[in-house]
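Report on one structure; see the data block that follows.
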């Protein structure tokens, strides 16, 4: 959450996503800017965004006025501040998220390496803090409310493939269903969707995936996908985590065997195994590997 970030970092991210020039341009189009300019429209927008993004004081117009005065070091008459909450300002605030989705969230090009796949999909989820009285959307913490938006974005076609809106407590993994719709497609996701059984189902449906490898995963190496010159350490038949500290190579690229449990059928749960690819890229700063499974 924003409250966990430093004020400088929040300011950089905010001004990068919604620069002053953008806010002023949209404000002019929406006839928000007035000649007297008693209120700085850019600072007003940033104050409103910060006020809704962080926990703390109740979200009242008076509290926003105090926050605006503190940020600008200016005393503003209550009437002047209240008069700024108009349909034109509401339209301006509505335009800004559309800009963020069009210009920031959606990529405009796909790297040539991804042309091997019919589509590149990205699964993710994000939480929106709601008023605490909206108890039909329970949050993970008591006394709060929150909604969670689950998205599968088609990065190739720049469209939304799937979306669901749930309460904050609903785990994102439960909203992603595997099936034949993944055939020939590459699905990218984070650890919130991590499941060996899901990996197997994606492959069995003719799809592809890429995810970080969990830190507690220690699969058996069954093959190396790269040949190394000289007296390279032999990796097959060893556990992944057992060999990482002994390696000095920049990249580790191996085939591993992963065991997982199938869904219970007729009251019985069976264990299965499947081979996947694990790629590790050494981080020079931390002197360890960032590991990915695909």
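Divide the volume of the convex hull around the Cα atoms of the range 142-294 by the residue count and you get 184 Å³ per residue. At q = 0.13, 0.18, 0.20, 0.24 Å⁻¹, what is the log10 ratio I(q)/I(0) for the range 107-193, with the Debye formula run over Cα points and no solvent? At q = 0.13, 0.18, 0.20, 0.24 Å⁻¹ the computed log10 ratios are -0.50, -0.79, -0.89, -1.11. One chain, two ends: residue 12 and residue 25. Fully extended at 0.36 nm per residue, the span grows by 2.7 nm beyond their Cα-Cα distance.
For an R0 of 25 angstrom, estimate the FRET efficiency from the Cβ-Cβ distance between residue 220 and residue 173 and round to the nearest 0.05. Efficiency for this residue pair is about 0.50. Using only Cα atoms, locate the centre of the range 211-239 and the centre of the range 264-278, then give the distance between them in Å, rounded to an integer. Going from one Cα centre to the other spans 22 Å.
Computed FRET efficiency, Cβ-Cβ of residue 135 and residue 63, R0 22 Å: what is it to the nearest 0.05? Intermediate values should be presented prior to the final figure.
Values: r = 23 Å, r/R0 = 1.03.
Rounded to the nearest 0.05, the efficiency is 0.45.
Taken along its principal axes, the alpha carbon cloud of the range 213-294 reaches lengths of 52, 26, 19 Å, longest axis first.
Going by alpha carbons, how many degrees (0 to 90, nearest 10) lie between the helix axis of 7-17 and the longest principal axis of the chain? Between the helix axis and the principal axis of the chain, the angle is about 90 degrees. The ranking of 82, 194, 289 from fewest to most other beta carbons within 10 Å of each one's beta carbon is 82, 194, 289. Counting other Cβ atoms within 10 Å as a rough exposure proxy, the listed residues 224, 21, 257 run 21, 257, 224 from fewest neighbours to most. Entry note, the chain: the mean residue ellipticity at 222 nm calculated from DSSP H runs of n ≥ 4, each adding -39500 (n - 2.57), is -7500 deg cm²/dmol after division by the residues and rounding to the nearest 500. Taking the C-alpha atoms only, the angle from helix 61-72 to the longest principal axis of the chain is near 80 degrees.
In units of 2.2 N^0.38 Å, what is the alpha-carbon radius of gyration of the range 242-290? Walk me through the numbers on the way to the answer.
Working: Rg = 16.3 Å, N = 49, 2.2 N^0.38 = 9.7 Å.
Dividing the Cα Rg of the range 242-290 by 2.2 N^0.38 Å gives 1.69.
By the count of neighbouring beta-carbon atoms within 10 Å, fewest first, 239, 66 end up ordered 239, 66. Full extension of the segment from residue 210 to residue 126, taken as 0.36 nm per residue of separation minus the current Cα-Cα distance, would add 28.3 nm. Seen against the Cα atoms of the chain and their longest principal axis, helix 20-29 is set at about 60 degrees.
Measuring spread by the Cα atoms of the chain yields a radius of gyration and Dmax of 24.9, 78 Å. Estimate the FRET efficiency between residue 74 and residue 183 by the formula 1/(1 + (r/R0)^6), using the beta-carbon distance for r and 51 Å for R0, to the nearest 0.05. Using R0 = 51 Å, I get an efficiency of 0.30.
FYI, it's all coordinate maths here, none of it is from the lab. Nothing here was measured: the structure is a model prediction, and the numbers come from that model. All Cβ positions, even for glycine, are placed from backbone atoms using ideal geometry, and neighbour counts span all protein chains on display.
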